[in-house]
Amino acid sequence: MPTLEGLEEAGLEKIPDLSIAKMRFELTLDPVCAKELKIDQAEVKRQLMDKIKAGFMTELYKDVSTELKLNINNSVLEEMEAKNKEELEKLTKAIENAEKNEGESEVREAMVKKCEYLTLIGNKDESTKMLKETLDKTNTTGHKLDLHFHLIRLGFFFNDNKMITTNLDKAKELIELGGDWDRRNRLKVYSGLYAMSVRNFQEAADNFLDTVSTFTSYELMDYLTFIKYAIISSMLALDRKDLTKKVVEGADINEVLHDLPLFKNYIYSLYNAQYADFFVALGEIEGFLKSDRLLSPHANHYVREMRIRSYAQLLESYSSLTVNYMANSFGVSEKFIDMELSRFITTGALNAKIDKVGGIIQTNRPDKKNWQYQAVIKQGDLLLNRIQKLSRVITI
C-alpha cells in the first residue's frame, strides 16, 4: 500500500489542476443543496478566483466569470494576457532553439512545457492542438503514453468524454506495444475513474482494486479519495464472496479505513447485516456522492441500487417474514417498507410478494436451473429458425 505522506511526487504533475474543476462544480450546485452538503460557496468562489488570478489563467478567468455571472475586471484580464503572451513567447523561442541546436529529445521536452503551460492557463483548444503536434514528434511508447494521459486529464477537467475515450483507447493500444509496469497501473486508474464517471461500477471496481497496492496517480486524486471510489464501486458491483475477499478482508483497504470511519461503517454495517446502521451510513454516503462532480449525476441511481441490494440480502435469509420485522430491521416505518418493496417488486428488482392482509413478505427464489433450461430452449428455437431461413436461400 502506498504511504499517505511523501509519495505524491511519484505521480505526474497536477496539470491541469483538477481541484479547480471540483470548485467549479461546487459553485454550480443549488445554494440550498450546497448548504445541506456543508459547502461554503462564498469561500469556494474566493479560493477559486484567487487560484485563477495567481496562476494567470486567462481562459479560465473568462469562462468562470461567465459561468458565475461576474463582471470581468479588464485591468486584471490585461495583466493576465500580457503574462501569458510573455511566457508563450519564451516557450516558443525555446522550441525553436531546440530545433536548431539540440536533439529530438530536447525538442520534445520544450514542446511538452508549452503544452503544460497552455493547459495551466485553461486554453483547451490550443493545448489540445499542441499536444497533438508533440505526439507527432514523439517516438517512444512511454512518452506517447504520458501525452495521452495529459489529454485524458484535460478531458476530465473539461468534462469532455469524447476526448477521454479517444485517448484511453489509444493508450490501451500503446500499452500492448510495450508499456511499463507503472504506466500500465496508471492506465487502470484512469480507466477506472472514467468507468465510474459513466456509471460502469463493475469496470471501475475491477480497475481500482487491481491498483490499490500500486497507486501513484496523485495527479488525479489523493490516495484516500481513490480508496473511497474503490469502496463506492465495489459495494455495488461485487457479489458478497468477492466483496469479502477483496474489500472486507483486503489488507490494503483495511489499513486506511481508520481514516475513513464513514466508509468503514458503510462496508461493515451491510456485511454484518446491521441494516438500520447501514441506512444511516447510506444517507451520509449519498451526501458524498452529491458533492462529488463525477458521482453526482449517479447519486440517485446508486442509492436506489444499494437499497435494493440491502433488501435482497435480508430477504434471501428467509422464506417469509413480516413487514413489521423488516421495517424494524431497517429502522424505518412499515409504510415506508411497504411502498419501497411494492415499487421494487413491480419493476422486477426484488423477487418477493407482499400479503398486505397478513402483513407478510414471501420470497420467490428464482429457479436457476429452470431459467437456464428455458434459455437453452429459446436459443435453440432461434438457431433452428436461422437454419431454416438459410436452407431456403441455398435451395434457391
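The values are calculated or read from the model by the stated rules, or taken from the named source; none is laboratory data. Since we're looking at a predicted model, the values are computed, not measured. Glycine also receives a Cβ, built like all others from the backbone with ideal geometry; neighbour counts cover every protein chain displayed. Surface accessibility is based on the protein's heavy atoms, side chains included, excluding ligands, DNA and RNA. Shrake-Rupley method; radii C 1.70, N 1.55, O 1.52, S 1.80 Å.
Annotation: amide H of THR322 within the under-5 Å range of ILE361, sequence separation 5 or more or interchain, hydrogens built in the peptide plane. Projecting the Cα atoms of LEU168, SER75, SER127 onto the charge dipole of the stretch 16-173, computed from C-beta unit charges around the Cα centre, puts LEU168 farthest toward the positive end. In whole Å, what is the distance between the alpha-carbon centres of the stretch 98-168 and the stretch 18-60? Result: 26 Å between the Cα centres. Counting only protein heavy atoms and a probe of 1.4 Å, the accessible surface of the stretch 143-267 is 46% carbon and sulfur. For the chain, the solvent-accessible area of protein heavy atoms averages 54 Å² per residue (probe radius 1.4 Å; ligands and nucleic acids excluded). Could you tell me which of the pairs LYS69/LYS290; LYS22/LYS62; LYS22/LYS188; LYS90/LYS113; LYS14/LYS45; LYS113/LYS188 are separated by over 19 angstrom between their Cα atoms in the structure shown? Distance filter (> 19 Å) returns LYS69/LYS290; LYS22/LYS188; LYS14/LYS45; LYS113/LYS188.
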